[in-house]
Structures are given as structure tokens and as C-alpha cells.
Amino acid sequence: MARKTNKKIAENYFQLFKNANGNWRKKWRSVSQQSEDFYLNDQLSGEEVKALQEAGMPTFVINRITPVIEMMKYFVTANNPRWQAVGSDGSDSNIAAIHADLADYCWYQSNGRSVFSHVIQDALVKGVGYFLIDVDPDADRGMGEVLFKRLDPYDVYVDPMSRDFLFRDAGYIQIRKILPKKQLKQLFPEHARKVAKATGSPEISSDYYSQRNSAFSDNVIPEDIGDQAYEMDGSRDSLLDYYETYEKIKVAFINLNYKVPPDEEMMAQIQQEVEKQMEMFVKELEVSYKEQLMALDAQVESGEMLKERAELEKEKMKMQNEEAIEKKHQELTSILQQEKTKVANVVVTEDEYKAMMEAPDFKRQVIDSVKFYDTRIKLTCTLGNDTVLYDYILPMNEYPIVPICYQWIGTPYPVSAVSPLVGKQQEINKSHQLMIHNANLASNLRWMYQEGSVPEEEWEQYSSSPGALLKYRQGFEAPSPVQPAPLNNAFFGIVTEGKQDLEYMSGIYSSMQGAAGAQHETYRGMLAVDEHGTRRIKAWMQSTVEPSLEHLGKVFKDIAQQTYKANKVFRIVQPDTTETKRVEINVPIYSDFGNAISKFNDYASARFDVRIVGGSTLPVNRWALMEEYFRWYQSGLIDDIAMLSETDIRNKEQIIKRKSVYSQMRSQIDSLEGEMKDMQDENETLERQIVQAGIRDQIREADKEIYKDKVDSKSMQKDLRKTMEKEIAFAKRDLDSKKKTAEREYRAGLRGAKNQVVDKSE
């Protein structure tokens, strides 16, 4: 039953291929192949070559398309694209800078410059080029590498209903290849049995729509080779249609919030904190217990309580304290565990959620869960119309196939840059073929003669030789030359205008291709011509190429974050130098117990956005750049080393190193000279200070004498003041004494006078 189901699935995907390979794609394939043929210089069909040869006309072509396309490709791919990553916060900003280095590393590992060049060539020649972001799981010793690859546009089949220029709205995108069974077994060794049993499909043909005749072509393309697959024993190997079908589907996810209990290290910290708090709690209980014991003993001594009752109460209190200690320990442990418990948020598939919920312990930790649907890319690989190799869901929501169209017309079948030029190229070819044919006729005359009048072999051999004597038989008229009709003068104007029209239509002029006669006399005039001539290319880059590259960078970011989850060290070569830069991501951080608790430079979980640096792939005029650098050097904005690093001088790195050494030595010399000058200035200052110090010493000595005189004067004044105070005090005491004596004498005389008066009255 399962085998029948797989066969039905393979048939369904085969029907998708037939739907994508409809009439409109076949028409685009035919036009695109014609454009590629003209680019490869296969500009004449087999019928045209045969007709020209029969008419005696030349079969060469003047290929003006290839130089135009090569110049356009150069302008677009002159430099590698650069992506700028913008982080959501400070830590993610550091990871964003690392992402830019990682993109450069993967680009280098993929030989990105060559891949980019071929993709742009496909866009210009075939109308569309395809990038594929792929993962090589075996690279880097099984750690995996993300690679940039190019897909042949003829192998890509897009949903015809897509209307987005990046094909993001396509219901599916298929990659179809025709591969030998041996190669398929090497690619998928785990599915070797399925490959051996596969029978292929009726669409094993190569679907080649070109009118080109490989017999008249000097180029060999894959369609020319056909079925030439052989085993080592010489037997023919079977070919199978191999399909990779990418489709967008809706997948159920669960946004889950759950508790994360503390780890061993955290539990040890919690236990230490519990023991610390319990120590204080036990001390308090012991004090309370002693107080209660004393109270019971006092009641027993006073007779209020029996001794037996007291012993019973003591035993009861002891049991209560033990229970309180145990309960407190549990409460503290529970509280601290809850405090240290973190809430984690994770998005898992519905199947992963069901598996997680089967664990009872985990089920108790769940806080809430929200179901939602998100877009994912499903990849299914089938062989022919009867075998399913495998299928799985990619962890991304955009196709890993990124197109770059030249002229998008609203369908998966864009127009190439060559297609509008085909008619003008045919006009140029035809014009030059007619001119050369007319010149050949004029240089090698044709003759009209009567049959039998001349020896034909002799005339064919010598008729064009200078000074030849040609004979004819008597009785016949002499042969007469047939002059070709002269070309119309307007014809030469058509040839010139055809060349000019092709340049105008492509936007690539002779001056841009280095034509000597078209060079501008002045350097700035040349820059102006280049600036105006490349506007059309720059418009295409701004409207199509750069948005496609930005989308490519975002797809790369999604795949890289899913791939690079382990610790990885990678090195990138710095531009314009041979030095390498070492970058490390996902560096584990271990706890004291040896457990990985976090990551430094956690690339997989970082959140940032990716943008293309506008104009990063455009060419840089070296002469203009050097002129600007020289002006900056003259103005002092940069030094000679900075200017030298931008030049193309041989061994500039060694020169820079030497100049750096010289610069360091010069800096050291300047520093020493500065120190010597400072020392000289210090010596001069010290000398002046010495002289000034002598003057100051004299002044200080005079000040000391003055101060001494002041002190002596103050001392003398103090002594004099004391002497005067003593004399004044003595005089005051003497005056007081005399005053008291006078008062006594006065009172005595007054009493004597009163007594006399009394005596007289008696």
C-alpha cells in the first residue's frame, strides 16, 4: 500500500512538471536558446549556411552581441556583493557584524565571483539566472557548509501562475535534471536500491527547441552530447529524470511557555542560601525553647504544674520545633526555587509538542501554549513518474532558489538582453556578407563566352592572374567580363546605422568598450561618457539585481542560522591584503560543574536583518579613485600609507610594512626629540628658578630680620606695657591709701569739732 502511495506521489509531481513545461515555457525556451546561440556566435542556421554556400556567398558573421553582453556583465559583476546586517540590540549587533564576515567566507568557499558572473550571464543571455543556496552536509568534516550555487535556467520549472519577479508567490519550483543511474547512486547512496528499481519516465528527451544545426557549429552545448552515459565495463548506463520539487506549505507550530527548574549549580547556591537562613531560624527556636523550658521549670517549682506534665510539654515542644525546622526548610527551598525558576519560550512543531507533553514532569511545567500556522518549504525528490526518493521540510519560509531577471514581464518567462538585438545582428551579418560578396565579385570577374571558344581549365586557372595572356579560338567572339552591379550608396549608411542602432539598443557604446577612435580627449570627459553610458545598467541593477541580491542575502541568513549551530572558527582574507581575519561563533560558556550554560557569539539565535549595500558590485574607476585619494592625501585627510593601500603597486604590502616601521621609528625619534626639547626647557626653567631662588632667599632673610624686629618691638612694648601697668597700679594703690587717710583725718576732725560745740553749749 505504501509503495502504491509513493508511486501516486511521484505521478503527481510529474504532472506538475508537465504543467510547468507548457507551451508558453517552450516558446520562451526556443527564444532563449536563439539568444544563447547568437551569444555563442552560432548565428546562422544549417539552412542559411547551405543557401549561402550554394550562392557562393560568405558564411561568416560579425558578432557584436558577445562584446556587448560581456561589457554589461563586467559592469554588474566587477565586485563582489556586500551585505549589511543590522542587529535588533547591542549583542545582536555584534553578531550582525560577524554575519557579514560569515557571508564573505561562504561566498569565498563557493567561488562566488564565478557563480555570480555566470548567473548574470544567464540573466543577460537567457532572460533569467538562478542562485541556489545549498548545504553540503559533508563539508568541514561533517559540520556542513552553506554554499552559493548556480542553476541552469533550462533546468528550472516555475509555477506558470507566479506573478512576482522573485517568484515568491509560486506554488512550486522544480529542478529537473537527466542523470545516469550511476551518478544518482553516488549522490544518494542511502537510496541506491530505489535508484536501481526506478524506470524513468516518458519525458526522458532533452526538450531541445533550438533551430541550430550542431553540424555547422564550433560550440558544443549539453543538448548536443545526448545520451552518452556508460559504465566502466562499456555498457550503456540508463538515464533517469530527477526532480527536486520545492513547494510552500502551512505547518502547525506551538508557541510554548514553560518553567525551567534551576540546574545543579543553581540548586547548590539555593541550598547554601537555605542553610544560611535556617541557621538563624534554628537559633531563634533554641532561644524560644530555652525560655519555655525555664517557664515550665518555674511552674513546677511553684507547684502550678506537675513534673510529669512539664516533661510531657517539653517533649511536645521538642517535636513541634523539629516539625517547624523541617517545614521552614521546605518552605525556604520552595520559595528560592520559584524565585530562580525561569520561564522559557520556544516554538516547536505540533508533533514535537505532542512528544514533549507525553512526559508528566514536563506537563506540570507548562504555563501556556498557542497554536499557529507558518509557511515552510517542503522538498520532495522523485525519479521519473514512479519513485519517491525522500521528502522533508526545510526550516525556512522562502525558496532557496533566487532568480535574477533581465526584463521581467509579469510571468516566469522574462526577456533577455540579447533577444531585442537579434534582428539588428542579422541585419549587420547580411550587410557585411553582401559587401564581401560584392567585393569578391569585383576582384574575381565572371566571364561570358561562347561554348568552345576558350580552354575552360586554362581560363579558370589564369583569368585572375595579373599579366596573364588568355587565348580564345578563332571564329569565336572574345569572352567579355561580367561586372557586378555596384552597391547603392545608401547601403553603406545602413551598415553604419546598424552598428549605431545596436549600440543604442544595448546602451553599450564603442567608447565604453575601449574603441580607440571613440575615446574622449580628456580624462574627465571619459568619466562623463562612462557615467551617462552606464545609466541604463545602473537602473537595471537598482530595480532588479540589487533587490534580488538582498533577497538572496536574507535566504542565506535563514539557512546559515539553521546550519551553523555548533562552535566554528573560520578565517577570511582581508581585501587588498594577504592577512586573514579569525572569527569564532557559538563559543560555549561552561559552569563550574562543567555544563554548557550559554554561548558567546550565539549566531543561531541572534535576530538581525540583512540588506544589500547599494552599488557594491559596480566597478570602481581606479584612476578616478587614485586621484581622489591623492587629493585627500594632499589635504591631510589621510596619510601616505592609507593612500598606498589603495594602489596597484607591486609588493605594496611589504612597502606598507617598511613605511610602518619607518613611521614608528620617526614617531619614536620625534618623541625623543620632543623629550629632549622638554628637558632643555626644564633646564632653562630651573636656571631661572635658581636665580629667582637667590633673590627670594635674600628677601626671605630681610623678612626674617623685619619679623625679628617686629617680634622684639612687640616684646619691648609688652614689657613696657607691663611696667606701666605696674606703676599705674602702684600709683593707684598709693592714691587710694592717701585718700583713705585723708577721709579718716577728715572724719576725726569732724568729730572733734562736734565735741567742742557740745562742750560749749553745756
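Quick grid of which residues meet (1) crowded, with 20+ Cβ neighbours inside 10 Å; (2) touching a residue at least 24 places away in the same chain (Cβ under 8 Å); (3) touching a strand residue (DSSP E or B) at 6+ places or on another chain (Cβ under 8 Å); (4) assigned to a strand (DSSP E or B):
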position: ALA10; (1), (2), (3), (4): yes, yes, yes, no
position: SER30; (1), (2), (3), (4): no, yes, no, no
position: GLU36; (1), (2), (3), (4): yes, yes, no, no
position: GLU48; (1), (2), (3), (4): no, no, no, no
position: VAL61; (1), (2), (3), (4): no, yes, no, no
position: VAL76; (1), (2), (3), (4): yes, yes, no, no
position: HIS99; (1), (2), (3), (4): yes, yes, yes, no
Q | Enumeration of residues in segment 358-409 that are in contact (Cβ under 8 Å) with a residue 60 or more places away in the chain, over 30 Å from the mean Cα position of the chain (by Cα) and assigned to a loop (DSSP other than H, G, I, E, B) | A | GLY384, ASN385, ASP386
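Tell me the residue from LEU151, LEU124, LEU44, LEU132 that is under 19 Å from the mean Cα position of the chain (by Cα) and crowded, with 18+ Cβ neighbours inside 10 Å, please.
Exactly one residue qualifies, and that residue is LEU132.
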Q: Look at ASP164 and say whether it is assigned to a loop (DSSP other than H, G, I, E, B) and out of contact with any Cys (no Cβ under 9 Å at 6 or more places or on another chain).
A: yes
Q.
For segment 125-168, give me each residue that is of a type in the set (D, E, K, R) and under 30 Å from ILE69 (Cα atoms).
A. LYS126, ASP134, LYS149, ARG150, ASP152, ASP155, ASP159, ARG163, ASP164, ARG168
Q | Whichever residue in segment 327-344 is among the charged types (D, E, K, R) and modelled with pLDDT under 80 and, among such residues, is nearest to the chain's Cα centre (by Cα) | A | LYS342
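Listed here are the residues, each with its yes/no results for (1) surrounded by 12 or more Cβ atoms within 10 Å (Cβ to Cβ); (2) modelled with pLDDT under 80; (3) within 52 Å of the chain's Cα centre (by Cα).
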| position | (1), (2), (3) |
| --- | --- |
| LYS283 | no, no, no |
| LEU293 | yes, no, no |
| ASP297 | yes, no, no |
| GLU313 | yes, no, no |
| VAL347 | yes, no, yes |
| GLU350 | yes, no, yes |
**Q.** Residue among GLN330, GLN338, GLN320 that alone is in a helix (DSSP H, G or I) and closer than 30 Å to SER605 by Cα
**A.** GLN338
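The values are calculated or read from the model by the stated rules, or taken from the named source; none is laboratory data. Remember, predicted model here, so these are calculated numbers, not experimental data. As a convention, Cβ positions derive from the backbone with ideal geometry for all residues, glycine included, and neighbour counts pool all protein chains shown.
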